[in-house]
Amino acid sequence: MDERKVPGRFTATIKEWPEGERPREKMIHQGASSLTEAELLAILIRTGTRGNTAVDLARNLLSGGRTLRDVSAMTPADFREWGIGPARATAIVAAFELLRRLPASNGSTKPVFRSPEDVSRRYGVRFHDLKHEEFWALLLTSANALLKEIRITSGTLNSSLVHPRECFHDAIKEKAASVIFLHNHPSGNPEPSREDIAITKQLVEAGKILGIPVHDHIVLASGGMTSFAQRGLI
């Protein structure tokens with residue numbers, strides 16, 4: 001039975017719980033590592049609904065076979081279906097998005113991409129839970145250090161959206177020495193499609209004309225990674 005449809009029952013508010021069992025107080029006195037996933041999520045949810053505490057809501061979200069990773073992929077609209085208001089829903093989504101971006105943030109040091117695996121380590125987590133395709137360009141210096149990252153398009157990947165004009169616009173502006181393109185496959189299958197291959201050939205030819213070589217086009221997916229350079233497709 002869907003727990004969202006169960007009539008509300010009397011539940012003591014978290015403020016009425018013993019202080020040592022309240023998630024916020026527990027974190028302050030025992031540290032974040034002492035909390036369960038439901039308790040950590042409850043802190044983000046902040047307040048409950050009629051008949052349910054924030055911890056109840058968190059436990060419901062993590063029930064029915066759903067994992068924390070499943071919850072991290074939810075949208076504000078998904079959270080609202082569970083009775084979580086728009087302000088709290090967007091705050092939760094923002095927290096998970098920051099977590100995804102953390103591996104790609106390493107202070108002022110510019111990462112150097114020496115292999116497709118370097119790109120995958122930096123962007124794999126960030127792209128992992130996206131439910132739509134995104135196409136990015138990584139602008140590089142002559143030493144293959146990241147100059148700038150650009151999201152070219154978001155949505156279904158096709159040649160009408162991924163056009164050399166948009167793909168190389170910032171590379172020309174920033175005087176990039178070379179570029180790596182990457183996009184994700186929400187299906188989880190990293191195998192490039194015919195459209196992916198056609199787009200890549202078009203971009204490689206455009207790069208040759210502009211004098212901005214395309215080092216690679218990388219497809220990221222939950223099922224692995226495909227490097228066009230390693231496949232000999234570039």
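Quick note: the coordinates plus some simple rules give every number you see, no bench work behind them. None of the values given here were measured: they were computed from a predicted structure. Counting neighbours? That spans all protein chains shown, and the Cβs are built from the backbone with ideal geometry, glycine included.
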| Dipole magnitude of the chain about its Cα centre (Cβ charges: Lys, Arg +1; Asp, Glu -1), debye to nearest 20 | 340
| remark: Placing each pseudo-label 7 Å from Cα in the direction of the beta carbon, V125 and A77 end up separated by a distance in nanometres of 2.8
| query | Between S33 and S193, what FRET efficiency follows from the Cβ-Cβ distance if R0 is 35 Å, with the result rounded to 0.05? | reply | 0.25
| query | What pairs from K110/K131; K26/K131; K131/K173; K131/K175; K175/K201; K131/K208 go past 25 Å between their alpha carbons? | reply | K110/K131; K26/K131; K131/K173; K131/K175; K131/K208
| Hey, what did the chain get for relative contact order, percent, Cα under 8 Å, at least 6 apart? | 13
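If you take the square roots of the eigenvalues of the alpha-carbon gyration tensor of the chain and sort them as a ≥ b ≥ c, do you get rounded (a/c under 1.5), prolate (a/b over b/c) or oblate?
Prolate, because a/c is 1.5 or more and a/b exceeds b/c.
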| task | Report the calculated FRET efficiency for L233 and R24 (r = Cβ-Cβ distance, R0 = 45 Å), to the nearest 0.05. | result | 0.30
| query | Of D70, D56, how do they rank once you tally other Cβ atoms within 10 Å and put the fewest first? | reply | D70, D56
| field | Sorted by Cβ neighbour density within 10 Å, fewest at the top, the residues L98, L210, L203 | value | L98, L210, L203
| Estimated FRET transfer efficiency when R0 is 25 angstrom, pair K175-S115 (beta carbons, to 0.05) | 0.55
| Where the convex hull is taken over the Cα atoms of region 107-227, what is its projected area averaged over directions, in nm²? | 6.9
| Selection from L68, I199, L146, by position along the positive dipole direction of the chain (Cβ) | L146
| Going by how many other Cβ atoms sit within 10 Å of their own, how do K26, K173 line up, fewest first? | K173, K26
